[in-house]
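Visitor: Here it is, the structure in full.
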Amino acid sequence: MNIAVYIIVMAGVTYLIRAVPFVFFRRKIKSRFVRSFLYYIPYAVLSAMTIPAIFYSTGSKLTAAVGTLAALLLSYFGLPLIAVALAAAAAAFIAGFLI
Amino acid sequence: MKKDFFRGASHGIPIFLGYLSVSFGFGILAVESGISPLIASIISASNLTSAGQVAGVDIIRAGGTIIEMILVQLVINIRYSLMALSLSQKLDPRFTTPHRFLASYGITDEIFAVCSAQKERITPAYMYGMILISALGWVTGTALGAAAGQLLPDAVSSALGIVLYGMFLAIIIPPARRQKSVLAVVAAAAGVSVLFRYVLTAVSPGFAVIISAVAASALGAALFPVKEEAEQ
């Protein structure tokens, strides 16, 4: 099959998944449960995506654990996203040499 | 308008850096699957998603059916529908239908995460700034990885693998520190996710994230319903 067909289908499906709720959902949600649910969703999604995947993100659980610890510490003290993200990588990188 | 655009773009810089390194890996993978650097970059520019693209390239390489492609993209990317729904609740009135059609393109995990962390309502300009710089990183990284993947030292590329996760932690930890309810939801989602990873391994990673997030958020909504002023 032509690769263009695959790419169009792939991109089309992915776009529609995003656009349909974003464009057509206009009402203010009244249900307190649903509003609470949507309030918690971002945190829950990110947590589920991060744990335990973060420990497999550097090819070594040990360096990943060091990076995770650095990220946890810095984010606990409210440092900006970019600082936390790069510090995690730097900690994992340095740990890679020490271990 | 202009200010919002640049604010969005500056908030997108960590995403740019994270995408640059993650899509670098995608570029390498695509070339290994027999896809040219140009086609790999087109896939990244048109899809703007990580897991979905990797699965898509697998299907292309295997010569899979279109039905398979549709189903796989649906399962892996359906979380974007939840994110779009959640974001739809905090849009500025300036977000008219054409803007919604356009900005839909850029609802990714990271853009969603940074947008939801904002206190103010989201304007189109803010989102466009963030989407532009993020997509730039995603496509540039893909092209670089596809064209010159093996040039980066291993120690650097493997350490870069943690960047996006570090950013995720930076988004969830401060509110979890302030609000016990968020901490409970975050812990529950992580717990269920770990369960899927090590015990219920038959469930695909895409579904595992959806189920973990839905279960934890439902629990949070049942135990700690949010008050009006807390949501904004």
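Visitor: So, of the residues in the range B:4-39 that are aromatic (Phe, Trp, Tyr) and closer than 26 Å to A:TYR56 by Cβ, which turns out to be nearest to the other protein chains (Cβ to nearest Cβ)? Walk me through how you get there before you give the answer.
Guide: Of the range B:4-39, the ones aromatic (Phe, Trp, Tyr) are B:5-6, B:16, B:19, B:24, B:26.
Among the residues that remain, those that are also closer than 26 Å to A:TYR56 by Cβ are: B:16, B:19, B:24, B:26.
Working: B:PHE16: 10, B:TYR19: 11, B:PHE24: 13, B:PHE26: 13 Å.
For the range B:4-39, the residue satisfying everything is B:PHE16.
Visitor: Here is a follow-up. Taking the options A:THR63, A:THR58, name whichever one is of a type in the set (S, T, N, Q), outside any loop (DSSP other than H, G, I, E, B) and either farther than 16 Å from B:GLU110 by Cα or facing another protein chain (nearest Cβ under 7 Å) (or both). Lay out the reasoning, then the answer.
Guide: Numbers: A:THR58 fails: outside any loop (DSSP other than H, G, I, E, B).
Exactly one residue qualifies, and that residue is A:THR63.
Visitor: If the requirement is being in contact with a Phe, Trp or Tyr (Cβ under 9 Å, 6 or more places away or on another chain) and within 7 Å of chain B (Cβ to nearest Cβ), which of these qualifies: A:THR50, A:THR68? So that I can check it myself, show each step before the final result.
Guide: Values: A:THR68 fails: within 7 Å of chain B (Cβ to nearest Cβ).
It is A:THR50.
Visitor: Just checking, which of A:ILE17, A:ILE41, A:ILE8, A:ILE3 is facing chain B (nearest Cβ under 7 Å) and either among the acidic types (Asp, Glu) or open to solvent by 20 Å² or more (accessible area, probe 1.4 Å) (or both)?
Guide: Values: A:ILE17 fails: either among the acidic types (Asp, Glu) or open to solvent by 20 Å² or more (accessible area, probe 1.4 Å) (or both); A:ILE41 fails: either among the acidic types (Asp, Glu) or open to solvent by 20 Å² or more (accessible area, probe 1.4 Å) (or both); A:ILE8 fails: facing chain B (nearest Cβ under 7 Å).
Step by step, each of A:ILE17, A:ILE41, A:ILE8, A:ILE3 is checked, and only A:ILE3 is facing chain B (nearest Cβ under 7 Å) and either among the acidic types (Asp, Glu) or open to solvent by 20 Å² or more (accessible area, probe 1.4 Å) (or both).
Visitor: Being part of a helix (DSSP H, G or I), in contact (Cβ under 8 Å) with a residue 60 or more places away in the chain and closer than 15 Å to A:TYR6 by Cβ: is that true of B:ALA40 here?
Guide: Numbers: part of a helix (DSSP H, G or I): yes; in contact (Cβ under 8 Å) with a residue 60 or more places away in the chain: yes; closer than 15 Å to A:TYR6 by Cβ: yes.
The answer is yes for B:ALA40.
Visitor: Tell me which residues, restricted to the range B:169-179, are open to solvent by 20 Å² or more (accessible area, probe 1.4 Å) and either over 17 Å from B:GLU110 (Cα atoms) or within 15 Å of the chain's Cα centre (by Cα) (or both).
Guide: At the first step, the residues of the range B:169-179 found to be open to solvent by 20 Å² or more (accessible area, probe 1.4 Å) are B:173-174, B:177-179.
Scanning the range B:169-179 gives B:ARG177, B:ARG178, B:GLN179.
Visitor: Could you list all residues from the range B:134-168 that are touching a Leu at 6+ places or on another chain (Cβ under 9 Å), facing chain A (nearest Cβ under 7 Å) and open to solvent by less than 10 Å² (accessible area, probe 1.4 Å)?
Guide: Hits for the range B:134-168 are B:VAL163, B:GLY166, B:MET167, B:PHE168.
Visitor: Can you find, within the range B:43-64, the residue that is farthest from the other protein chains (Cβ to nearest Cβ) among those that are of a type in the set (Ser, Thr, Tyr) and free of Cβ contacts under 8 Å to residues at least 60 places away in the same chain? Write out each step before concluding.
Guide: Pass one, the range B:43-64, residues of a type in the set (Ser, Thr, Tyr): B:44, B:46, B:49-50.
Now narrow it down to the ones that are free of Cβ contacts under 8 Å to residues at least 60 places away in the same chain: B:46, B:49-50.
On the way: B:SER46: 4, B:THR49: 6, B:SER50: 10 Å.
Among those that are of a type in the set (Ser, Thr, Tyr) and free of Cβ contacts under 8 Å to residues at least 60 places away in the same chain, it is B:SER50.
Visitor: Please verify whether the range B:183-196 includes one or more residues that are touching a Phe, Trp or Tyr at 6+ places or on another chain (Cβ under 7 Å), at the interface with chain A (Cβ under 8 Å from one of its Cβ atoms) and open to solvent by 10 Å² or more (accessible area, probe 1.4 Å).
Guide: Checked the range B:183-196: at least one residue is touching a Phe, Trp or Tyr at 6+ places or on another chain (Cβ under 7 Å), at the interface with chain A (Cβ under 8 Å from one of its Cβ atoms) and open to solvent by 10 Å² or more (accessible area, probe 1.4 Å).
Visitor: Filter the range B:120-133 down to the residues that are open to solvent by 10 Å² or more (accessible area, probe 1.4 Å) and within 13 Å of another protein chain (Cβ to nearest Cβ) and list them by number.
Guide: Result: B:ARG121, B:ILE131, B:ILE133.
Visitor: Taking interchain pairs and intrachain pairs at least six residues apart, which have beta carbon atoms under 8 angstrom, with the first residue in the range A:76-99 and facing chain B (nearest Cβ under 7 Å) and free of Cβ contacts under 8 Å to residues at least 24 places away in the same chain and the second among the hydroxyl-bearing types (Ser, Thr, Tyr) and open to solvent by 40 Å² or more (accessible area, probe 1.4 Å)?
Guide: A:ALA88/B:TYR165
Visitor: Within the range B:128-181, which residues are small (Gly, Ala, Ser), free of Cβ contacts under 8 Å to residues at least 24 places away in the same chain and closer than 13 Å to B:GLY25 by Cα?
Guide: B:ALA148, B:SER158, B:ALA159 - these are the residues of the range B:128-181 that are small (Gly, Ala, Ser), free of Cβ contacts under 8 Å to residues at least 24 places away in the same chain and closer than 13 Å to B:GLY25 by Cα.
Visitor: Within the range A:21-55, can you find the residues that are among the hydrophobic types (A, V, I, L, M, F, W, C), farther than 19 Å from B:VAL185 by Cβ and assigned to a helix (DSSP H, G or I)? Even if it seems obvious, please write down each step before you answer.
Guide: Here is the first cut: in the range A:21-55, the ones among the hydrophobic types (A, V, I, L, M, F, W, C) are A:22-25, A:29, A:33-34, A:37-38, A:41, A:44-46, A:48-49, A:51, A:53-55.
Remaining after also requiring farther than 19 Å from B:VAL185 by Cβ: A:22-25, A:55.
Result: A:PHE22, A:VAL23, A:PHE24, A:PHE55.
Visitor: Of all residues in the range B:70-119, which are among the aromatic types (Phe, Trp, Tyr) and open to solvent by 20 Å² or more (accessible area, probe 1.4 Å)? Talk me through it step by step, then tell me what you get.
Guide: Restricting attention to the range B:70-119, the residues satisfying the condition of being among the aromatic types (Phe, Trp, Tyr) are B:80, B:95, B:101, B:105, B:112.
Matches in the range B:70-119: B:PHE101, B:TYR105.
The values are calculated or read from the model by the stated rules, or taken from the named source; none is laboratory data. On a predicted model such as this, the values are computed, not experimentally measured, just so you know. Here Cβ is always computed from backbone atoms with ideal geometry, including for glycine, and neighbour counts include all displayed protein chains. We work out accessible area using only protein heavy atoms, side chains counted, and drop any ligands, DNA or RNA first. Shrake-Rupley method; radii C 1.70, N 1.55, O 1.52, S 1.80 Å.
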